[in-house]
Amino acid sequence: MDPKVFWVGFNKIRGIGSVKTRKLLKYFGDLSVAWTASENALLEAGLNPKAAKSFIQVRVSINLDDEYNRILEKGIQVVTINDENYPQKLKTIEQPPPVLYIKGSFEDSDNFAVAIVGTRHLTAYGRQVTIELSSLLARNGITVISGLARGIDSIAHDATLDAGGRTLAVLGCGVDIVYPPEHRALSQRIQEQGALVSDYYPGTLPEGINFPPRNRIISGLSLASVIIEAGEKSGALITAEFAANQGREVFAVPGSIYAPRSKGTNRLIRDGALPLTDFNELLAALDLTQVEEYRYAKKVIQKDEVEELLSSVIKEEPLHIDEIKTATGLSMEKVSAALVMMELKGIVRKVGNLTYISIGDDMAQYEVE
């Protein structure tokens, strides 16, 4: 039996999200063990009585193989946080989704992405900025991420596709459901030049409570988030808040102080977001030189013996470069040079002053409370 069936099984049960999944993994070590656990064991693992009882009731009615096969038959990929192709940037956020469902493809180049979000009721100004910015990013090989909603989101997807770029749509429903329904043709185009992505079980309907949580994925997949137009209570502001909390750059497009659609973005700028008055400022913040170096490194350079040695030492706990040098017995010059290349390849990540962690096959987000 494919181990992913147990991840899918738990994901199907309402009330068991990333936090509870982390508790189950920490206690049982494997979700296949957790799936067959007694109610008392589930309570000891940290589930509350309501969640444990709900799980016990639901699991007897689920045939895991049948559920998993139905998902695959719909052309949906199942990616767990244990998989190598799980988006690396998403692993680093608080409460990363344990399971992603994907229609289309996620590629290494999608690690260099910008989120573009905004109001459903855009103005001509918002439309123009969205089209020009999305097209520019696409021409520079930057993936554009949005939420397939009406307004700014759909314009961003469309403009990116028209410019020949890649785009990801993060949904507040199952990836087998098109919402809004008039975006059926657009969702098909996205699958051909990117992917539909969701952490909601296939078949999940687009309820209002689903959309705010999915915004953490939009920002979590991105180097930066750009809010183009947003009212005072726009959902796009939630994406901006998630991005800021995740340590990602937040840009906001300024507008007239009299324009209702610019009240949210102007407030973001007042509160510390970077005003996007020149697209080149965004490109500079993304460091396109690093993007090209990364792609070259991934394409032509394999992991060498030094990198293998460093990988055996650098794990989920941050290590200073001096500690790495001591542990490997290598010269500082060799360690420094190897770390630069490993960063470009997406093997390690700098988390402080000359301090590194592994971002390969780690489960750091699921090992700690």
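The values are calculated or read from the model by the stated rules, or taken from the named source; none is laboratory data. Keep in mind that what you see is a predicted model, and the values were worked out from it rather than measured. When we count neighbours, we look across all protein chains shown, and the Cβ atoms used for this are built from the backbone with ideal geometry, even at glycine.
Computed quantities for the displayed model
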quantity	calculated
Residue in segment 22-42 that is surrounded by 13 or more Cβ atoms within 10 Å (Cβ to Cβ), within 19 Å of the chain's Cα centre (by Cα) and touching a residue at least 60 places away in the same chain (Cβ under 8 Å) present	yes
Members of segment 318-350 found to be β-branched (Val, Ile, Thr), within 17 Å of Thr92 (Cα to Cα) and either in a helix (DSSP H, G or I) or free of Cβ contacts under 8 Å to residues at least 40 places away in the same chain (or both), listed by number	Val348
From Tyr179, Tyr201, residue being out of contact with any strand residue (DSSP E or B) (no Cβ under 6 Å at 6 or more places or on another chain), over 21 Å from Leu161 (Cα atoms) and among the hydroxyl-bearing types (Ser, Thr, Tyr)	Tyr201
Filtered residues of segment 65-82 (kept if under 23 Å from Lys20 (Cα atoms) and more than 26 Å from the chain's Cα centre (by Cα))	Asp65
Qualifying residue in segment 111-122 (condition: touching a residue at least 24 places away in the same chain (Cβ under 8 Å), within 25 Å of Gly75 (Cβ to Cβ) and surrounded by fewer than 22 Cβ atoms within 10 Å (Cβ to Cβ))	yes
Residue match in segment 197-218 (condition: β-branched (Val, Ile, Thr) and surrounded by fewer than 24 Cβ atoms within 10 Å (Cβ to Cβ))	yes
Selection from segment 35-58 of residues that are more than 19 Å from Ser18 (Cβ to Cβ) and part of a helix (DSSP H, G or I)	Glu39, Asn40, Ala41, Leu43, Glu44, Pro49, Lys53, Ile56, Gln57
Identity of the residue in segment 83-109, of a type in the set (S, T, N, Q), assigned to a loop (DSSP other than H, G, I, E, B) and under 15 Å from Gly220 (Cα atoms), that ends up farthest from the chain's Cα centre (by Cα)	Gln95
Yes/no for Gly220 being on the phi > 0 side of the Ramachandran plot and within 15 Å of the chain's Cα centre (by Cα)	no
Top-ranked residue of segment 136-162 - restricted to ones that are more than 19 Å from Ile217 (Cα to Cα) and at pLDDT 95 or above, ranked as surrounded by the fewest Cβ atoms within 10 Å (Cβ to Cβ)	Asp162
Sole exception among (1) surrounded by fewer than 22 Cβ atoms within 10 Å (Cβ to Cβ); (2) touching a Phe, Trp or Tyr at 6+ places or on another chain (Cβ under 8 Å); (3) part of a loop (DSSP other than H, G, I, E, B) for Gly75, by number	(2)
Which listed residue, of Ala236, Ala244, is out of contact with any Ser or Thr (no Cβ under 8 Å at 6 or more places or on another chain), of a type in the set (A, V, I, L, M) and assigned by TED's automatic domain parsing to the domain that holds Ser146	Ala244
Helices (runs of 4 or more DSSP H) (entirely within segment 127-232) containing at least 2 residues that are over 23 Å from Val253 (Cα atoms), in contact (Cβ under 8 Å) with a residue 24 or more places away in the chain and in the same structural domain as Asn111 (by TED's automatic domain parsing)	184-192
Number of the exception - Ile16 against (1) surrounded by 17 or more Cβ atoms within 10 Å (Cβ to Cβ); (2) on the phi > 0 side of the Ramachandran plot	(2)
Criterion: of a type outside the set (Phe, Trp, Tyr) and assigned to a loop (DSSP other than H, G, I, E, B) - qualifying residue of Ser61, Ser32	Ser61
Verdict on Thr119 being in a helix (DSSP H, G or I) and of a type in the set (Val, Ile, Thr)	no
